[in-house]
Amino acid sequence: MKKNITVIEGDGIGPEVTAQAVKVLNAVAARFGHAFHYRYALMGACAIDETGTPLPGPTIEACLESDAVLVGAIGHPKYDNDPTAKVRPEQGLLKLRKTLGLYANIRPVAAYPALSHLSPLKADRLENVDFVIYRELTGGIYFGKKTLNEAKTEASDDCVYNREEIERIARPAFRHAQKRRKKLTLVDKANVLETSRLWRKVVQDIAPEYPDVQVDFLFVDNAAMQIILNPAQFDVILTENMFGDIISDEASVLSGSLGLLPSASIGKSAALFEPIHGSYPQAAGKDIANPLGSILSAAMLLDHFGLPEEANVVRTAVNWTLAEGIVTRDIDQHHFHYTSTIGDVICDYIQHNAPRPVNRKNIAATSSTII
Ligand code: IPM
Ligand code: MN
């Protein structure tokens, strides 16, 4: 299989984690006889520094011409702390989502037994936690009309949804539920919001087309509580843009490390894959960031290309490193390895399709002792 991938490394730790994902994709390509061709493009703070805009035209063109986009991380503190900044790195990401028509953001949440001690939840609550959030990504309050009066004393953000926007994300969410435990939970605020009542109506209308899927509805405040109280009850969660933003961050900490979670955004053209963590500027350039979120995003990219066997090899390799304790500092403060070492170990596994006897001394040679 031949595919073109646009790589947007972005800011902070973006370049170093993305480099591991590309390495892993190359190992997969070599083993299974695929050809992945990469084009690098700018977005975020680095793009503002170089071109004055967070999403330069050539980046949009590259994305539109490719089969998939792999993103590292976007953001820099010099913009976060300046509320008057006219251009912001995040604007690049929002514009790219809109331009590529990426209306569905898919975030799987799983708990890894080897990491349960790092989770804020007790181990017994983490058993069987395995769900996926479908967050609407190009509508709602994020993209509605915004106003600020002249005196700057009153502001508004419109939240608008139409039937088509809801259906086009609800359908893939239902289909995904059919392949999983066949349960779909719509998270909304239908006791208060008109848009939420429309979401419920549309989901109820199309539910009979998926008779094997059990549908239930939860108000977002209750959902926020249930994700902590009993996260194992969820299978597929479907929700609008801002509720999805909030509950997916909440859910992301269950696994024990934010550094591990991947995401996919699908829509009208090239799909986009990115870890859900931020640019973690304090760690940039130190080779200490966790590359697994980016590597697992590459696995989702392989799924999207219709290569489930390849994707599963990557996931098996990742699970093996976690079980063996071959991890970065966010997971084990005492015995940790470099970002690039984790990438190498995973590539080695993929190349040989098996864990090779781990020469702990060799790996230890690249263990950081400096921090
Ligand atoms: C995310 C992020 C973005 C969002 C920000 C950076 C605009 O938080 O991908 O979840 O709110 O969508
Ligand atoms: Mn977010």
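Numbers below:
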read-out	value
Total residues in the stretch 255-281, condition in a helix (DSSP H, G or I) and more than 12 Å from ligand 1 (Cβ to nearest atom)	3
Hey, Ile237 modelled with pLDDT of 95 or more, among the β-branched types (Val, Ile, Thr) and either within 30 Å of Asn4 (Cβ to Cβ) or within 16 Å of ligand 2 (Cβ to nearest atom) (or both) or not	yes
Residue selected from the stretch 243-260 under the condition hydrophobic (A, V, I, L, M, F, W, C) and open to solvent by 30 Å² or more (accessible area, probe 1.4 Å), by the criterion farthest from Ala114 (Cα to Cα)	Ile246
Residue match in the stretch 290-305 (condition: among the aromatic types (Phe, Trp, Tyr) and away from ligand 2 (no atom under 16 Å from the Cβ))	yes
Helices (runs of 4 or more DSSP H) (entirely within the stretch 282-357) containing at least 2 residues that are within 22 Å of the chain's Cα centre (by Cα) and β-branched (Val, Ile, Thr)	308-324, 339-352
The stretch 241-274, residues that are within 12 Å of ligand 2 (Cβ to nearest atom) and of a type outside the set (Gly, Ala, Ser)	Asn241, Met242, Phe243, Asp245, Ile246, Ile247, Asp249, Glu250, Leu258, Leu261, Glu274
Residue list for the stretch 300-321, restricted to those being under 18 Å from Asn353 (Cβ atoms) and either open to solvent by 10 Å² or more (accessible area, probe 1.4 Å) or touching a Ser or Thr at 6+ places or on another chain (Cβ under 7 Å) (or both)	Leu307, Pro308, Glu309, Glu310, Asn312, Val313, Arg315, Thr316, Asn319, Trp320
Subset of the stretch 263-278 (residues that are within 28 Å of Gln333 (Cα to Cα) and open to solvent by 10 Å² or more (accessible area, probe 1.4 Å))	Glu274, Ile276, His277, Gly278
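Conditions (1) in contact with a Ser or Thr (Cβ under 6 Å, 6 or more places away or on another chain); (2) free of Cβ contacts under 8 Å to residues at least 24 places away in the same chain, marked per residue:
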{"residue": "Val87", "(1), (2)": "no, no"}
{"residue": "Leu102", "(1), (2)": "yes, no"}
{"residue": "Pro113", "(1), (2)": "no, yes"}
{"residue": "Ser119", "(1), (2)": "no, no"}
{"residue": "Asn128", "(1), (2)": "no, no"}
{"residue": "Ile141", "(1), (2)": "no, no"}
{"residue": "Glu167", "(1), (2)": "no, no"}
{"residue": "Arg171", "(1), (2)": "no, no"}
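The values are calculated or read from the model by the stated rules, or taken from the named source; none is laboratory data. Keep in mind the model is a prediction, meaning the values are calculated, not measured. Positions of Cβ are backbone-derived with ideal geometry, glycine not excepted, and every protein chain shown enters the neighbour counts. Ligands, DNA and RNA are excluded from the accessible area calculation, which covers all protein heavy atoms including side chains. Shrake-Rupley method; radii C 1.70, N 1.55, O 1.52, S 1.80 Å.
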